[in-house]
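A.B. asks: Sending over a structure as structure tokens; questions will come in a sec.
The values are calculated or read from the model by the stated rules, or taken from the named source; none is laboratory data. Because the structure is a prediction, the values reported are computed rather than measured. No Cβ is skipped: glycine too gets one built from the backbone with ideal geometry, and neighbour counts run over all protein chains shown.
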Amino acid sequence: MNGYAGKILRVNLTTGEIRKEPYPENVARDLLGGRGLGIYILWNEVPAGADPLGPENKLIASTGILSGLLVPGAGKMDWACKSPQTGGYASANVGGHLTSELKYAGYDAIILEGISPRPVYLFIDDDKVELRDAADLWGKGSMTVEEILKKRLGEDFQIATIGPGGENLVKYACITTDYGRQAGRGGVGAVMGSKKVKAVAVHGTQTVPVADPARFWQLAHEMFAACKASPGLELWQRYGTAGVPTWANEIGAFPTRNFQQGTFEEHAGLDGKVMRERIVLTDKGCACCPCPCGKYSYTKKYGVFVEGPEYETSALLGGNVALGDIEDVAYANYLCDELGIDTISAGNAIAFAMECYEKEILNREQTGGVELRFGNPQAVFTMIERIARREGLGDLLAEGVKVAAEKIGQGSYDWAIQVKGMEQSGYDTHAAPAMLLAYMTADVGAHHNRAWAITYDIQVGREKVSEDKVAKVIELQHVRPLFDVMGACRLQWIELSIDVTSYAPIVAAITGVERSWEDLLKISERVWNYTRMYWFREVEGFGREWDYPPPRFYKEEATGGATAGKKATWEDAMQLLDWYYAQRGWDQNGHPTEAKLAELGLKAYLK
Amino acid sequence: MRLYADSSKCCGCKACLLACSFSHFQENNIHKAALAIVPHFPDPGNYVVRVCTQCGECAAVCPVDAIPQNDKGAYYIDPELCIDCGACIDACPEQVIFKVAGRDAPFECDLCGECVLFCGMGVLRIAE
């Protein structure tokens with residue numbers, strides 16, 4: 001199978017049995033790979049109603065067709081499971097060099113199933129695959145464990161780890177690789193922790209075959225040349241996503257004090273230029289990336305190394321908790337990475353609790369003595385530790401803001417900023433209807449990566465609520481997740497503006513199967529509908545209500561900044577949903593119609 | 001002529017390694033490359049790029065004189081003459097001569113320049 005290593009590594013943690021299985025040809029044909037394989041395994045192998053933290057759930061680490069090859073940004077891996085946070089589909093994407101190394105070792109994916117009787121790590125060195133004792137690693141931080149394993153096994157090994165957050169089943173625990181890159185969202189780290197897997201260590205020496213080497217070589221040249229000729233290259237190389245906070249503040253989209261407004265008065269302290277001058281040591285790229293957003297830093301104030309902060313972390317552990325010093329944010333970032341929890345959800349959870357405290361719904365006894373006010377860095381650091389270790393209030397916040405609000409009550413649900421139980425990432429949506437719809441309908445919860453539609457809001461008018469905005473969200477929901485299917489990064493297209501259709505010929509050169517760009521988008525739509533059906537299967541009563549926006553955005557006006565006084569309306573949100581379902585070929589409860597499922601050839605996959 | 005690397009610009013993406021591998025062997029294989037990236041993390045947090053400096057140590061130690069220079073001035077191992085003893089691999093101060101499985105001779109940088117083309121960060125250049 002050209003473009004594939006051709007094998008899946010199946011690891012039964014309960015029995016210790018390790019099997020190497022052929023890659024399913026129907027998946028390669030109809031779903032291509034990456035998150036396409038992830039949902040296929042979940043649907044077919046994880047029984048309906050399975051406990052996400054029980055032995056029946058599976059954790060699937062999946063490469064894509066481009067992973068590990070000489071293609072710009074071909075370093076992305078998808079981690080899928082039934083989410084312990086939302087109860088539905090979880091798919092967390094991560095860069096670095098793990099995905100390429102796994103393919104070089106001869107595997108397109110790893111399936112972790114069952115639960116190990118004791119802490120282990122999975123050792124993979126080409127054909128040699130073993131479960132090894134991890135008793136001495138359990139309890140240690142993510143990056144500490146990566147350093148230990150690299151010293152023990154060799155620098156050539158790529159390592160994925162969980163921290164104490166994953167061990168303690170924090171619902172938004174992440175998986176870390178390459179000293180600070182995270183499969184962050186949906187609780188994939190908690191599922192790894194539930195299985196008692198502390199780490200995966202991979203080393204490979206093999207070659208991934210391509211169908212037409214001459215054509216591949218020519219197209220690889222063209223794609224890299226296009227990246228290098230891009231006018232956007234220099235700025236992106238220098239600042240990466242850290243260049244985004246200033247722009248987001250100007251347009252009023254930077255989450256501030258738990259999404260009360262979209263402009264943070266102290267945002268200048270988080271700007272990419274400040275960060276570059278004060279803390280950045282080196283650029284740090286994923287496999288084959290000509291425009292590395294990774295900035296590896298050292299904060300003298302706290303004496304720690306950290307990759308980042310990237311935009312989302314500056315947004316949620318900066319503006320959203322009102323920290324305006326890049327070194328404070330860098331340290332909060334370090335704590336989350338080392339302890340193994342997602343910075344986006346952690347920033348949300350702490351901001352939510354800060355708002356409860358300032359509104360006197362939580363008192364100092366309940367916060368365990370912490371002066372939990374916006375702008376207090378020590379309070380942020382303490383709460384990150386307590387969440388990861390599930391101590392005091394941290395135990396409740398470790399469940400996520402939806403569960404916390406349901407427990408705390410007193411109207412706090414209105415400022416629990418989440419969809420489907422997943423906290424919203426770094427864009428305020430008081431005045432961005434397309435972005436609001438993107439968050440409402442993303443197939444993991446309120447995450448931006450499925451459709452970064454806010455630029456379209458700006459392009460056609462912030463106030464406008466229209467069918468073209470809905471069409472744009474759907475278009476993006478097919479293009480962007482296609483990169484997660486292909487195992488590559490989307491930023492070469494988004495930030496360097498390389499021709500997105502140029503991915504079709506190189507996929508064809510790799511696989512030997514001619515597919516047009518439209519054919520690839522159809523695969524992405526197929527996967528999108530597949531994951532939607534998974535939600536209906538797993539979540540009782542799933543439907544329209546699960547796509548509702550966080551109440552804050554239609555109940556309260558933005559309190560200040562560039563969008564002061566603006567808010568969405570309930571009627572507009574419902575109108576957007578009506579149009580969205582109609583354009584997708586779904587009924588008005590958000591269920592794909594029989595005709596749509598037939599058109600996509602999905603019916604055979606839903607048995 | 002030789003290859004120069006400014007390690008301070010390197011982001012560790014390894015595109016140069018794949019470019020080298022594909023250029024010479026039509027393979028995506030980071031282990032078939034005549035240059036190397038050594039990451040130093042978490043501390044001090046940098047990459048060191050090792051490249052062939054055309055120092056000629058390999059030719060000097062070759063017991064069968066199998067390492068002449070091509071028209072660009074690059075030393076290369078002639079597989080017709082090579083006895084695959086590995087002396088050049090051991091002698092290379094940059095450790096960028098590699099034994100390649102299934103090939104009769106080790107491999108070293110021939111100044112083809114493909115790594116330069118694929119590096120997005122401007123790390124590599126070929127100059128006198």
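A.B. asks: I'd like the full set of residues that are in contact with a strand residue (DSSP E or B) (Cβ under 8 Å, 6 or more places away or on another chain) and either more than 7 Å from chain A (Cβ to nearest Cβ) or in a helix (DSSP H, G or I) (or both), limited to segment B:10-28.
C.D. replies: Matches in segment B:10-28: B:C10, B:C16, B:L17, B:H24.
A.B. asks: Still on this structure: Only one residue in A:G561, A:G565 is touching an Asp or Glu at 6+ places or on another chain (Cβ under 6 Å), modelled with pLDDT of 95 or more and assigned by TED's automatic domain parsing to the domain that holds A:Q583, so which one is that?
C.D. replies: None of the others qualify; the one that does is A:G565.
A.B. asks: So which residues in segment A:142-162 are without any contact (Cβ under 8 Å) to a residue 12 or more places away in the chain and among the hydrophobic types (A, V, I, L, M, F, W, C), if there are any at all?
C.D. replies: A:I148
A.B. asks: Could you list, in sequence order, the residues of segment B:43-87 that are surrounded by fewer than 19 Cβ atoms within 10 Å (Cβ to Cβ) and within 14 Å of chain A (Cβ to nearest Cβ)?
C.D. replies: Those that are surrounded by fewer than 19 Cβ atoms within 10 Å (Cβ to Cβ) and within 14 Å of chain A (Cβ to nearest Cβ): B:D43, B:P44, B:N46, B:V48, B:R50.
Table: residues versus (1) of a type in the set (D, E); (2) surrounded by fewer than 24 Cβ atoms within 10 Å (Cβ to Cβ).
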residue	(1), (2)
A:E327	yes, yes
A:G340	no, no
A:I344	no, no
A:N348	no, no
A:M354	no, no
A:I361	no, yes
A:Q366	no, yes
A:M383	no, no
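A.B. asks: I would also like to ask the following. Among the residues that make up segment A:194-208, is at least one of them in contact with a Pro (Cβ under 7 Å, 6 or more places away or on another chain) and either closer than 24 Å to A:E101 by Cα or touching a residue at least 24 places away in the same chain (Cβ under 8 Å) (or both)?
C.D. replies: Looking through segment A:194-208, at least one residue is in contact with a Pro (Cβ under 7 Å, 6 or more places away or on another chain) and either closer than 24 Å to A:E101 by Cα or touching a residue at least 24 places away in the same chain (Cβ under 8 Å) (or both).
A.B. asks: Something else: Could you say which residue among A:R152, A:R181, A:R185 is out of contact with any Leu (no Cβ under 9 Å at 6 or more places or on another chain) and buried (at least 24 other Cβ atoms within 10 Å of the Cβ)?
C.D. replies: Result of the check over A:R152, A:R181, A:R185: A:R185.
A.B. asks: Still on this structure, I have one more. For segment A:221-247, which residues satisfy the criterion of being crowded, with 21+ Cβ neighbours inside 10 Å and in contact with a helix residue (DSSP H, G or I) (Cβ under 7 Å, 6 or more places away or on another chain)?
C.D. replies: Across segment A:221-247, the qualifying residues are A:M223, A:F224, A:C227, A:Y239, A:T241, A:A242, A:V244, A:P245.
A.B. asks: From the residues in segment B:29-42 that are free of Cβ contacts under 8 Å to residues at least 40 places away in the same chain and either among the hydrophobic types (A, V, I, L, M, F, W, C) or under 17 Å from A:K284 (Cβ atoms) (or both), which one is farthest from the other protein chains (Cβ to nearest Cβ)?
C.D. replies: The extreme case among them is B:I37.
A.B. asks: Please enumerate the residues belonging to segment A:566-588 that are more than 17 Å from A:I474 (Cα to Cα), part of a loop (DSSP other than H, G, I, E, B) and out of contact with any Pro (no Cβ under 7 Å at 6 or more places or on another chain).
C.D. replies: A:K566, A:K567, A:T569
A.B. asks: Let me ask something else. Which ones in segment A:274-300 are β-branched (V, I, T) and in contact with a Ser or Thr (Cβ under 6 Å, 6 or more places away or on another chain)?
C.D. replies: A:I279, A:V280
A.B. asks: Something else now. Going by what's in this entry, would A:N44 be described as surrounded by fewer than 24 Cβ atoms within 10 Å (Cβ to Cβ), of a type in the set (S, T, N, Q), on the phi < 0 side of the Ramachandran plot and in contact with a helix residue (DSSP H, G or I) (Cβ under 9 Å, 6 or more places away or on another chain)?
C.D. replies: yes
A.B. asks: Related question: Within segment A:509-526, how many residues are hydroxyl-bearing (S, T, Y) and touching a residue at least 40 places away in the same chain (Cβ under 8 Å)?
C.D. replies: 2
A.B. asks: Looking only at segment A:98-114, how many residues end up being part of a loop (DSSP other than H, G, I, E, B) and either at positive phi or of a type in the set (V, I, T) (or both)?
C.D. replies: So the count comes out to 2.
A.B. asks: Among (1) under 27 Å from B:A101 (Cβ atoms); (2) within 11 Å of chain B (Cβ to nearest Cβ); (3) of a type outside the set (A, V, I, L, M, F, W, C); (4) in contact with a strand residue (DSSP E or B) (Cβ under 8 Å, 6 or more places away or on another chain), which single condition is A:Q206 missing?
C.D. replies: So the condition that A:Q206 fails would be (4).
A.B. asks: Of the numbered conditions (1) assigned to a loop (DSSP other than H, G, I, E, B); (2) of a type outside the set (K, R); (3) under 15 Å from A:P481 (Cα atoms); (4) more than 14 Å from chain B (Cβ to nearest Cβ), A:T14 satisfies every one except a single condition; which is it?
C.D. replies: (3)
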